[in-house]
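Notes follow the structure.
No value in this document is a laboratory result; all are computed from the given coordinates. Here the structure is a predicted model, which is why all the values come from computation and not from measurement. Glycine gets a Cβ as well: all are built from the backbone with ideal geometry, and neighbour counts include every protein chain shown.
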Amino acid sequence: MKVIVVMPTYNERENIEAIARAVLANGPEWRILIVDDNSPDGTGRMADALAQEDARVQVLHRTGKLGLGTAYREGLTRALEMGCDFACTMDSDFSHDPKALPELLRLAAERGAAHGSRYVPGGAVVDWRPARKVNSYSANLLTRLMLGTPVRDCTSGFRCYRRDVLERIEVWTLQARGYAVLEELLYRCMRVGVTPAEYPITFVDRKAGRSKINVGESVRAVGVLFRLRCSRWREGDGKAERRAD
C-alpha cells in the first residue's frame, strides 16, 4: 500500500524537516509530496535535501506563490500519477498532528474520504484568537447550509482520500485557486455520494512562521460557495462547468 501525504509549503523552513520526519515515522507505506511555491526562505532547498536523504520524499517545485487550490490540484494529481492508493493533505507547520494520519487512513479506507475535525466531540482548537474562532465557525456554518452537508468541519485541510474517490471527483479539474478548494473538494465528494468521515483532532496554532490565511481569502471563499451552489458539475462530466476562483 502506498499513502502519499501532499504538503503545500511557502516559507516553512522552520518546520519542514521535523514535520516530514514525523509523517514518515508512521511506517514504511507513508510517502510525502512537498509542493513548494518557490519559498524565499529556502524551504524548497531543504525539501530537496530531505528527498536526497530519503526516497519516500519527493518535491514538486512551482514558480511562485500560486495559491493553495492549485497546489492541491497539482499535488493530488501528481499523487495519482505516482500510483498512490490513498492521498492525504495536511499543513506543514504542526497544526495537524502526524500521529492522527493512521486513523484518517483507516476511515478513508472505509468511507472513501476522511476529515480531521475540530468540531466533533473530542475535537478542539488551541491558541486561536476570538476573531479567528468566529470566522471559522461562520465559514463552516455557511458551508453546511450552502452545500447541504452534515460534515461539521468543512474547512479542515487535514484529510485523506481513497484513490478511486480522487479519480471520481476528477481532482485534476479543481478550479478554486485559494483555500476555497477545501469546500470544492467536499462539494465534489458529496456529488459523487461520498460523505467524509470525521475524526476528532486538536488543531494547534502554529508556533513558527506566519499564517497564510487573510480576509481576502475568506471573501473569495464565500464567492466560491455561491458558485458551487449553482454549479452543474456531475460525476462523469469531466470538468467543473463554472469557474470557482
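Enter the Cα centre distance for the pair the stretch 100-119 and the stretch 14-63, rounded to the nearest angstrom. Distance between centres, Cα-based: 22 Å. For the stretch 3-230, the Cα gyration tensor yields ellipsoid semi-axes of 25, 20, 18 Å (square root of five times each eigenvalue, largest first, whole Å).
With a Cα cut-off of under 22 Å and a minimum spacing of 8 residues unless on different chains, the lysine pairs in the chain number 6.
How charged is the neighbourhood of LEU60? Take every other residue with its Cβ under 13 Å from the Cβ of LEU60, and add Lys/Arg as +1 and Asp/Glu as -1.
-1
Only helices enter the 222 nm calculation for the chain: every DSSP H run of n ≥ 4 contributes -39,500 (n - 2.57), and dividing by all residues gives -12000 deg cm²/dmol, rounded to 500.
Placing unit charges on the Cβ atoms of the charged side chains and taking the dipole of the chain about its Cα centre, the candidate lying farthest along the positive direction among ALA18, LEU76, SER156 is SER156. At 7 Å along the Cα-to-beta-carbon direction for both THR202 and ARG106, put a label point, then send me their distance in nm to one decimal. Computed distance between label sites THR202 and ARG106 equals 1.9 nm. Model label sites at ARG21 and ARG45, defined 7 Å from Cα along the beta-carbon direction, differ in position by 2.0 nm.
For the peptides 102-114, 59-71, residues were scored by their other Cβ atoms within 10 Å and the scores averaged per peptide; the highest-first order is 102-114, 59-71.
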